[in-house]
1. At a Cα cut-off below 14 Å, give the aspartates and glutamates reachable from residue 111, other chains included and same-chain residues fewer than 8 away excluded.
2. In deg cm²/dmol and to the nearest 500, what is the mean residue ellipticity at 222 nm of the chain if only DSSP H runs of at least 4 residues count, each as -39500 (n - 2.57), divided by the residue total?
3. Can you give the translational diffusion coefficient of the chain in µm²/s, computed by Stokes-Einstein from the Kirkwood radius over Cα pairs at 4 °C and 1.567 mPa s?
4. Would you calculate the convex hull of the Cα atoms in the range 1-76 and tell me its volume per residue in Å³?
5. Normalised by the number of residues in the chain, what is the relative contact order in percent for Cα pairs under 8 Å and 6+ residues apart?
6. Leaving out same-chain residues fewer than 8 places away, which lysines sit with a Cα under 21 Å from that of residue 12?
7. Once neighbouring chains are kept in place and the probe is 1.4 Å, which whole percent of the accessible area of the chain is contributed by carbon and sulfur?
8. For a Förster distance of 22 Å, can you work out the FRET efficiency between the beta-carbons of residue 19 and residue 48, rounded to the nearest 0.05?
Amino acid sequence: MNRLRMVVEWSKGSSFRYAWKDGNLALVTVDQPAPVNYGLIPGLINPADGEEVDAVFLGPPLPPGTQVEGEVVGIMWLADGDHKILLEAQGQGPSPREAQELLAWFHPSRKPLLLGPQEARDWLKALLRG
């Protein structure tokens with residue numbers, strides 16, 4: 001599982017967050033601007049919250065509703081189990097600046113930790129077996 005497809009719900013730099021449900025987008029909130037393209041991996045459920053696995057796509061802003069495929073380059077590990085898969089077109093992973101912005105985006109109480117592609121693939125494999 002080196003490549004995955006995700007749906008963008010929140011564009012990098014935008015304050016408008018949408019929810020993807022049954023192939024449609026609905027505005028759910030206006031929040032702080034996202035440092036990455038944020039969304040979900042359709043059909044893959046995270047047992048920590050019973051929702052589809054959250055994912056981020058590194059790179060330039062993509063419009064909400066965009067379906068994009070990328071290489072698994074890491075995982076944002078969170079203490080509450082609501083981990084985020086990191087995807088990127090070329091598989092290079094986050095730059096130091098992107099990593100810093102992404103870590104700062106999550107509240108310290110969630111103890112965010114950025115791990116590499118192998119940890120991400122291991123977690124995904126465990127979900128699929130689960």
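1. Those aspartates and glutamates meeting the cut-off are 80, 82.
2. The per-residue figure over the chain is -5500 deg cm²/dmol.
3. After rounding, the answer is 89 µm²/s.
4. Spelled out: Cα convex hull of the range 1-76, divided by residues, is 98 Å³.
5. Answer for the chain is 24 percent.
6. 21, 84
7. 52
8. 0.75
The values are calculated or read from the model by the stated rules, or taken from the named source; none is laboratory data. In this text, all values refer to a predicted model and were calculated from it rather than measured experimentally. Reconstructed Cβ throughout: ideal geometry from the backbone, glycine too, with neighbour counts over all protein chains shown. What goes into the accessible areas is simple: the full protein's heavy atoms, side chains included, and nothing from ligands, DNA or RNA. Shrake-Rupley method; radii C 1.70, N 1.55, O 1.52, S 1.80 Å.
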